[in-house]
Amino acid sequence: MSAASRIPQIARRLLLAATAVTVVSIPAFAQDTMKLGLVAAMSGQSAKSGEAIVRGMSIAIDEINAKGGVLGKKVELVVRDDESNPAKGVVAARELVQREGVVGLFGGLDTPVSMAIVPFANQAKVPFMGVWAAGTPITRNGAAENYVFRVSAVDVLVDKALLAYAVKKYNAKKPGMILINNSWGESNEKGLKVALEEKGMASVGIEKFQDADVDVVPQLTRLKEAGADVLFMVANVAPSSQVVKSLDRMGWDVPIVSHWGPAGGRFSELAGPSGAKVHFIQTFSFNGNPSPKAKDIFAKLQAKYPEIKTLADVTPAVGIANSYDAMHLMTLAIGKAGSTDGSKIREGFYAIDKYDGLIKSYAKPFTPANHDALSSEDYIFTYFKEGQILPLTN
Amino acid sequence: MLLISAIVSGLAVGSMYGLIALGFHVTYVVSNTVNFSQGSSMMLGAVLGYTFAIKLGWPMPLAVAMALALCALFGLVVERALVRPFAERGSNAWLMATVAGGIVLDNIVLFTFGKEPRAFPSFLAQKPISLFGAGVFPLQLIIPLVGIGIAIALHLAFHYTRLGKALLAVVQNKDAARLMGINVRRAIAFSFALSTALAGLAGLLIAPLFSVHSEMGMLFGIKAFAVAILGGVTSASGVMLAGILYGLLEALITAYAGSTYTQIVAFTVVIIALAVMPNGLLGRAASKKV
């Protein structure tokens, strides 16, 4: 063990002056498994998201390894906790690449953490696959050689979808925004403004609120007095429920079209019955999903994790579905590359023609111009009813 | 309507700040130390209340009493383990020790209670009633009453009861107090138990309006400390008044200037207020004898 791990270390030192590509590929030679790294929130308020990602990936890895793995090696997932902290995320990503010798990285729920890893991944030429964080600049990062791919929603596309939904479903003319006061809220403020501009519309008000705000009535009252006919909401589950409770108290019955924050926890419980009025975006739902693949994966999840009894135990399903498809796509890319060399894997992503996934059947999911495998046509709108996320039919 | 709803919101939230800040006041006037884990004590009250009332299904009065008793016990532990060993040596390390204690508690709760925010429903926060055209939960009106009531009770207790006077005697001169037959250690321990119980009460009161999770107390603790300083930490009524004013200020800024400016303006006002009134709204100048 010690000898095996010392070799790559010495090798790395010798090769530090050489190209980063070599640095990355050296440790992999010493392994008899194909190591892939995951940097996600495994503790703290977003810990459930990390659990969902690990579950989705584990099911995919079981399938891949049952068919002999990739490049003749079994796939092994190495997980690191970023505690939703960007600095810790970068350290973990470095450690995974440089010490564990992973050939590819996966990211978690938090956009700020992923944003911090992006420059490192591009510099070290290690493919970095987003499976949850929707921040637009994660994949659209402006790097000449972009190593960042994603199987998840993209804020800028989500914002267009939110507007399209609000207009179609509620005939919205004067939308207002209620956004969490962080970089995620910021990213969507920009996205929503662009989406509105494209349709020749404008918002009647943009209000921010904090995670710890008990009362959002003052902000909402401003939006009401400005004449908002639909609210766009961007916030995680607990603050989202504060918005719903505040609306209840005001007695203001206004349609809410939301990003996927409410999906991240017990929204029905926190927001009360009015939580069902919130229509939010998802990339996947096991509920009401007719595909045999969805049934098969759910059965596999139940077999592997006995604590999963009903569909309510796999909310939010997006984390599982995105990470399941992302893992398959990553190994397909490595297979196409025929090598663990980062830049070859990157080309390998472009070479994937077709993959029958859980979310959809992917055809040419990645091109040099598009590193996002999902588009706005893949989004669905859902709502929470008694603890379950149900799809909305129209 | 904007004004009424902002005032109601501000009163309720401000009273919460005031209640937690009263905890800072109580230990400060007795021992010149404060418990920086007040935010965590508030969280503990809510988490215990949730566990007893919702998870275990106990009757609410019993759940509340038990939660407050355990919060008081936590205060005793904080005093004994994190404050006394340092304060009696004349060290200020209790400052960091109580911060650390709060972080430890937050993380213990994270692992035992769980990572997900939970709801603590109450019939007092279900059906809004109309007050001058603005919707209000009855609980939002009860919180300020409880807060002001406790501030008045503390004021009276400290000035007109034997126990209160004994507690205040401790801070003036420990040795003299001891010679007069006051158990100084017990007096200080009592003040810490009282302070965490007050924070726990704040947690129990806010829980139905908010959600229960391990990090819920963090920002409250920080704001409450600002409020305690603003009110002049030596005066119970000053602290409560500062809490309510700060809550109102936040709500009114949000309502009229927009939420972008809330924190900037509110904390700027705190800084200006302290520059103009260094002893806080109703605090007395501290004279230190050397």
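Derived scalar couplings between HN and Hα for the range B:115-124 equal 8, 8, x, 10, 9, 10, x, 9, 5, 7 Hz in order, rounded to whole Hz, by the Karplus curve 6.51 cos²θ - 1.76 cosθ + 1.60 (θ = phi - 60°), x for Gly and Pro.
Close amide H pairs (under 5 Å, H built 1.01 Å from N) link A:Ser258 with A:Met233, A:His279, A:Phe280, A:Ile281, residues at least 5 positions away or on another chain. With both labels modelled 7 Å from their Cα along Cα-to-Cβ, the B:Tyr256 to A:Tyr350 distance reads 5.9 nm. Return the single residue from B:Gly181, B:Gly221, B:Gly135 with maximal mean-square fluctuation; model: Gaussian network over chain B, springs between Cα atoms under 10 Å. Checking each option, the largest mean-square fluctuation is seen for B:Gly181. Calculated FRET efficiency, B:Lys127 to B:Ile222, Cβ-Cβ distance, R0 = 35 Å: about 0.60 to the nearest 0.05.
With the convex hull drawn over the C-alpha atoms of the protein assembly as shown, the volume per residue is 183 Å³. Sorted ascending by nearby beta carbons within 10 Å, beginning with the fewest, A:Asp211, A:Asp353, A:Asp372, A:Asp325 become A:Asp353, A:Asp211, A:Asp372, A:Asp325. Using 1/(1 + (r/R0)^6) with R0 = 51 angstrom and r between the beta carbons of A:Arg140 and B:Ile152, what's the FRET efficiency to the nearest 0.05? My answer for the efficiency is 0.30. Near A:Val102, the amide H atoms lying under 5 Å from its own belong to A:Val97; only residues 5 or more places off or on other chains count, and H is placed 1.01 Å from N. Put in line by how crowded their Cβ is, counting other Cβ atoms within 10 Å and starting with the fewest, A:His328, B:His25 read A:His328, B:His25. Here the simple spin-label model places points 7 Å from the Cα toward Cβ, and for B:Ile272 and B:Met96 these points are separated by 3.6 nm. Could you list, in their original order, any pairs among A:Lys245/A:Lys385; A:Lys336/A:Lys364; A:Lys336/A:Lys360; A:Lys385/B:Lys127; A:Lys208/A:Lys360 whose Cα atoms are separated by more than 24 Å? Too far apart for the 24 Å limit: A:Lys208/A:Lys360. Applying the Karplus relation 6.51 cos²θ - 1.76 cosθ + 1.60 with θ = phi - 60° to the range B:169-178 yields 3J(HN,Hα) values of 5, 4, 6, 5, 7, 4, 5, 4, 4, 5 Hz, where x marks Gly and Pro. With respect to chain B, whose longest principal axis is taken over its alpha-carbon atoms, helix B:60-77 is tilted by about 40°.
Taking amide H as placed 1.01 Å from N in the peptide plane, the amide H of A:Val148 sits under 5 Å from that of A:Phe128, each at least 5 places away or on another chain.
Take every DSSP beta bridge whose two residues both sit in chain A; close to 25 percent of them are antiparallel. Its relative contact order, with pairs defined as Cα atoms under 8 Å and 6+ residues apart, puts chain B at 38 percent. Per-residue ellipticity at 222 nm from helix content only, as computed over the protein assembly as shown with -39500 (n - 2.57) for each DSSP H run of at least four residues, stands at -18000 deg cm²/dmol.
For the range B:74-108 versus the range A:170-235, the inter-centroid distance based on Cα atoms is 43 Å. Going from the fewest other Cβ atoms within 10 Å to the most, the residues A:Ile320, B:Ile143 appear in the order B:Ile143, A:Ile320.
Taken one residue at a time, the phi angles of the range A:55-69 give Karplus couplings (6.51, -1.76, 1.60, θ = phi - 60°) of 5, x, 5, 4, 4, 4, 5, 4, 5, 5, 5, 5, 9, x, x Hz. Gly and Pro are set to x.
With angles folded into 0 to 90 degrees, how steeply does helix A:317-337 sit against the dominant principal axis of chain A? Use alpha carbons for both and round to 10. Tilt of helix A:317-337: around 30 degrees. Annotation for A:Asp62 and A:Lys173: the two label points, set 7 Å from Cα along the Cα-Cβ direction, are 5.4 nm apart.
Against chain A, whose longest principal axis comes from its Cα atoms, helix A:237-250 is set at around 0 degrees.
Values quoted throughout were computed directly from the atomic coordinates according to the rules given, and no laboratory measurement underlies them. Keep in mind the model is a prediction, meaning the values are calculated, not measured. Positions of Cβ are generated from backbone atoms using ideal geometry, with glycine treated the same way; all protein chains shown enter the neighbour counts.
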